[in-house]
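Below you'll find the structure, written out as structure tokens, and then a few comments.
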Amino acid sequence: MSTQLTQQAKEESSSQSESETTEVEEQRQEVTKNVTTDKETYHLKVFRYDPEIEGKKEPRFDDFHVPYHQGMTVLDSLIYARDTYDSSLTFRHSCRQAICGSDAMFVNGSQRLCCKTQLSDLEEPVRIEPLPHQDVIKDLVVNMEHFYDQMEAIEPYFQTENLPDGEFDEQRQSRENREKIKMSTRCIWCGACMSSCNIAAEDNQYLGPAAINKAYRFAMDDREGDEMKQRRLEIIEQEHGVWRCQTQFSCTEVCPKDIPLTEHIQELKREAVKNNLKFWWNN
Ligand code: SF4
Ligand code: FES
């Protein structure tokens with residue numbers, strides 16, 4: 001099921017990947033243009049933990065000094081440290097373009113995507129840790145199963161009761177409706193928001209900002225129809241759903257795709273209230 005969901009997420013973001021790649025590249029060029037640092041090396045303090053190796057079971061920090069080049073990201077520096085000093089240093093990464101969502105970590109006290117974070121923007125030593133509030137498997141790799149379970153709980157795929165009649169007819173979406181859900185479709189399932197959320201840290205069953213944002217993406221999509229929207233609102237209204245959010249904005253602050261998560265959660269709360277009023281009015 002996780003594979004299926006991951007595929008769903010990839011499809012969700014694939015339509016944007018080309019423009020977002022350009023966007024990331026433009027941001028990178030902008031940053032490198034303004035770099036004023038004359039540093040030759042950067043000092044990293046990297047969290048290490050390996051429960052399977054005797055002598056490495058106690059968490060610790062290792063120091064690495066990596067040669068700096070203009071435009072170097074935190075991910076570049078980790079790759080250098082691994083390839084040059086210690087091949088056992090373990091972390092996830094893939095696209096290096098802020099698309100796959102695999103390299104969210106806790107860098108200098110904040111959840112960040114390492115491939116999108118310039119070393120020159122950080123104070124030294126650069127402290128790199130796994131995402132907080134997740135079980136650490138090894139070094140910087142955390143167990144994402146719980147996060148995927150929460151995403152799965154909101155049925156993160158398009159469902160509609162209004163299929164067009166003809167086999168080849170399109171089910172069209174208005175420009176305004178596409179604009180409304182645009183930001184919510186940008187999620188890359190990195191887990192940074194969930195890791196930053198105090199409520200999720202306290203309540204293991206809380207759906208969390210990423211799952212609620214995904215519910216918003218479908219609940220606000222007019223093509224799914226009213227019945228489906230009601231069903232989605234019932235899911236997010238459950239005991240550990242939207243009403244747990246205390247509007248702390250931590251998720252919005254760390255989201256690397258700039259999704260207005262808190263705003264979306266608030267809007268779903270309003271939709272849920274409207275839905276309930278409609279129910280009482282009609283009965
Ligand atoms: S909402 Fe943002 S921070 Fe949360 S998983 Fe999606 S991209 Fe990552
Ligand atoms: S490596 Fe894919 S998002 Fe950073």
Requested in this report: Please give every one of the lysines within straight-line cross-link reach of Lys56, meaning a C-alpha to C-alpha distance under 17 Å, and leave out same-chain neighbours fewer than 8 residues apart.
Outcome: Lys45, Lys138
Query - Spacing of the two label points (7 Å from each Cα toward its C-beta) at Gln205 and Asn162, in nm - result: 3.4
Query raised in the report: If you check each cysteine of the chain for another cysteine whose beta-carbon is under 4.7 Å away, which ones come up empty?
Result: Cys114, Cys115, Cys187, Cys190, Cys197, Cys245, Cys255
Requested in this report: Report, largest value first, the span of the C-alpha coordinates of segment 45-97 along each principal axis, in whole Å.
Outcome: 38, 24, 15
Requested in this report: Please identify, among Leu163, Leu89, Leu233, the residue showing maximal mean-square fluctuation in a Gaussian network model of the chain using a 10 angstrom Cα cutoff.
Outcome: Leu163
Query - Beta bridges by DSSP in the chain, antiparallel share as percent, to the nearest 5 - result: 85
Report task. Whole Å is fine, so just give me how far the alpha carbon centre of segment 208-283 lies from that of segment 174-199. Result -> 11
Query - Ranked list, fewest to most other Cβ atoms within 10 Å of each Cβ, for Ser184, Ser174, Ser110 - result: Ser174, Ser110, Ser184
Report task. Could I get the Rg over Rh figure for segment 72-137? Both from C-alpha atoms, Rh via Kirkwood, rounded to two places. Result -> 0.93
Query raised in the report: How large is the convex hull of the Cα atoms of segment 142-283 per residue, expressed in Å³ as a whole number?
Result: 125
Requested in this report: Let me know the Rg and Dmax you get for segment 119-217 when you use only its Cα atoms, in Å.
Outcome: 18.4, 62
Query raised in the report: What are the ³J(HN,Hα) values, in whole Hz, obtained from phi via the Karplus relation 6.51 cos²θ - 1.76 cosθ + 1.60 with θ = phi - 60°, for each residue of segment 238-245 in sequence order, with x given for Gly and Pro?
Result: 4, 3, 9, x, 4, 5, 6, 5
Query - Likely footprinting exposure, Lys116, Lys57, fewest C-beta neighbours within 10 Å first - result: Lys57, Lys116
Query raised in the report: Any idea what angle helix 74-84 forms with the longest principal axis of the chain, computed on alpha-carbon atoms, 0 to 90 degrees, nearest 10?
Result: 50
Query raised in the report: Got a sec? How would Thr247, Thr185 order by Cβ neighbour count within 10 Å, fewest to most?
Result: Thr247, Thr185
Query raised in the report: Can you list residues whose amide H is under 5 Å from Thr73's amide H, if they're 5+ apart or on another chain and H is modeled 1.01 Å from N?
Result: Leu119
Query - Relative contact order of segment 124-283, pairs being alpha-carbon contacts under 8 Å that are 6 or more residues apart, as % - result: 24
Requested in this report: Straight distance only, please: which aspartates and glutamates reach the Cα of Lys182 with their own Cα at less than 17 Å, same-chain residues fewer than 8 apart left out?
Outcome: Glu11, Glu12, Glu18, Glu20, Glu23, Asp221, Asp222, Glu224, Asp258, Glu263, Glu267
Query raised in the report: Can you give the convex hull volume per residue for the Cα atoms of the chain, as a whole number of Å³?
Result: 152
Query - Candidate lysines - alpha carbon under 16 Å from Lys269, same-chain residues fewer than 8 apart omitted - result: Lys214, Lys229, Lys278
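Only the coordinates and a few stated rules stand behind these numbers; no lab work does. Just so it is clear, the model here is predicted, and its values are computed rather than measured. Methodologically, a virtual Cβ is constructed for each residue, glycine included, from the backbone with ideal geometry; neighbour enumeration extends over all protein chains shown.
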